[in-house]
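Novice: Structure provided below as structure tokens; questions to follow.
Nothing in this text is a laboratory measurement; each read-out follows from the coordinates by a stated rule. It should be emphasised that the depicted structure is a prediction, and the values quoted were computed from it without experimental measurement. Here the Cβ is made from the backbone with ideal geometry for all residues, glycine too, and neighbour counts use every protein chain on show.
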Amino acid sequence: MHSSYNDKLLIQKYVGFSPKILDTQVAAGFCGYTFYVSLAQLVEDCISLKLPKTLTLSDWSRRPLTPEQIEYAIDDVRHLKAVWDVLRQKLISMGRLDWFEEEMSRLNNLDHYDESLDECWISIKEAQNLEPKYVTRVKALAQWRESTARVTSTHPSRIMKDSTLVALCLQEIRSPPDILAVQGLSAPTIAKHSEAITNVLSAAQNTPTADYVQFPEHRKQKKENIRLVSLLSLAVLYLSDKHGINRDLLVDQQELNLIANLAEEELCCQKLRVFDSWRKELVGDTLLSIKRGKAVSFSWNVSKKVLEGSTS
């Protein structure tokens, strides 16, 4: 499959089992592609076939589907095996097939999706300094958004952006018309989800004070560590270019915040993936060295258009 995150959950929900999946999007990330590379791009690069893109934004909810839509949908799967064969050979030649299989083992574990749902609200940086009563609302609405995105096989930001989500949580929403006072929601989202959004926020607004949620202090992007986080991010970008692997597969923003905020002995208790297996040698050890004060330098290679760096 390609970009299997939502599809896997839908298969589990409607078919009743969780298949073991090989995701060509993840495989491409280990080969140096951006993490959100399209299947059309991979088909063109791997097997020199250009797929039509004319129906990408057509209304797939309308039934019956047109013959053109059906043919377009078939293209999403008919070339996957050929693309995978090419990517697999690249992974073998780069010595990364084991890395890919390890990542797919993690992504094929349904517990991973439960953890992602439980913590999806922590990535919303606009919520970090809000009062607990508002953080409580953000958590509830973010988890609803994530669940809805999975069911509808879309990205959460397509339902509403983080800034809009927080803006809704700062208002007193008691009925669907109250939602219209907040800018940023698309007409389709209002039409489909205004009642659900109202119900989620109304319930969160009635949460007893004793049950308010606090934003985890160690997950915040603290002002005193902003420069360190920026330096760590630059190092990840450099290592991503150097090793030809997508940065999203190396480390995420929350891990960088934790590395900057926590003492080194506290990091051991977090079980961060960046300090495990192949990631430790590839990026984790370098990030720890920077945290310890080891000197680093970066420069932009104009001719090669890549970031170059060194540590001393």
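Novice: Quick one: compute the contact order of segment 114-211, relative version, from alpha carbon pairs under 8 angstrom and 6+ residues apart, as a percent.
Specialist: Relative contact order for segment 114-211 comes out at 29 percent.
Novice: Span-like helices, the chain: DSSP H, alpha-carbon axial extent 24 Å or more, mean Kyte-Doolittle 0.5 or greater, which ones?
Specialist: In the chain, the long hydrophobic H runs are 226-243.
Novice: With r as the distance between the Cβ atoms of Asp98 and Val151 and R0 = 30 Å, compute the FRET efficiency 1/(1 + (r/R0)^6) and round to 0.05.
Specialist: Computed FRET efficiency for Val151 and Asp98 comes out at 0.35.
Novice: Using per-residue counts of other Cβ atoms within 10 Å, averaged over each peptide, order 295-308, 187-200 from highest down.
Specialist: Final packing ranking: 187-200, 295-308.
Novice: If you don't mind, there's one more thing I want to ask. How high is the FRET efficiency from Leu65 to Arg174, r the C-beta distance, R0 41 Å, rounded to 0.05?
Specialist: Calculated value: 0.55.
Novice: With n ≥ 4 as the cut-off for DSSP H runs, can you work out [θ] at 222 nm for the chain, using -39500 (n - 2.57) per run divided by the number of residues, rounded to the nearest 500?
Specialist: The helix contribution divided over the chain gives -16000 deg cm²/dmol.
Novice: Follow-up. In what sequence, highest mean first, do 232-242, 211-221 appear when ranked by Cβ atoms within 10 angstrom?
Specialist: 232-242, 211-221
Novice: What FRET efficiency comes out for the pair Asp114/Ile11, r = Cβ-Cβ distance, R0 = 22 Å, nearest 0.05? If you can, show how the numbers build up before the last one.
Specialist: Details: r = 16 Å, r/R0 = 0.73.
For R0 = 22 Å, the calculated efficiency reads 0.85.
Novice: Please report the equivalent ellipsoid semi-axes of segment 218-311, computed as sqrt(5 x eigenvalue) of the Cα gyration tensor, largest first, in whole Å.
Specialist: So the three semi-axes of segment 218-311 are 22, 15, 11 Å.
Novice: Does the chain classify as rounded, prolate or oblate by the C-alpha gyration tensor (a ≥ b ≥ c root eigenvalues; a/c under 1.5 gives rounded; else a/b over b/c gives prolate, otherwise oblate)?
Specialist: oblate
Novice: Using per-residue counts of other Cβ atoms within 10 Å, averaged over each peptide, order 267-280, 128-141 from highest down.
Specialist: Ranked by mean Cβ neighbours within 10 Å, highest first: 128-141, 267-280.
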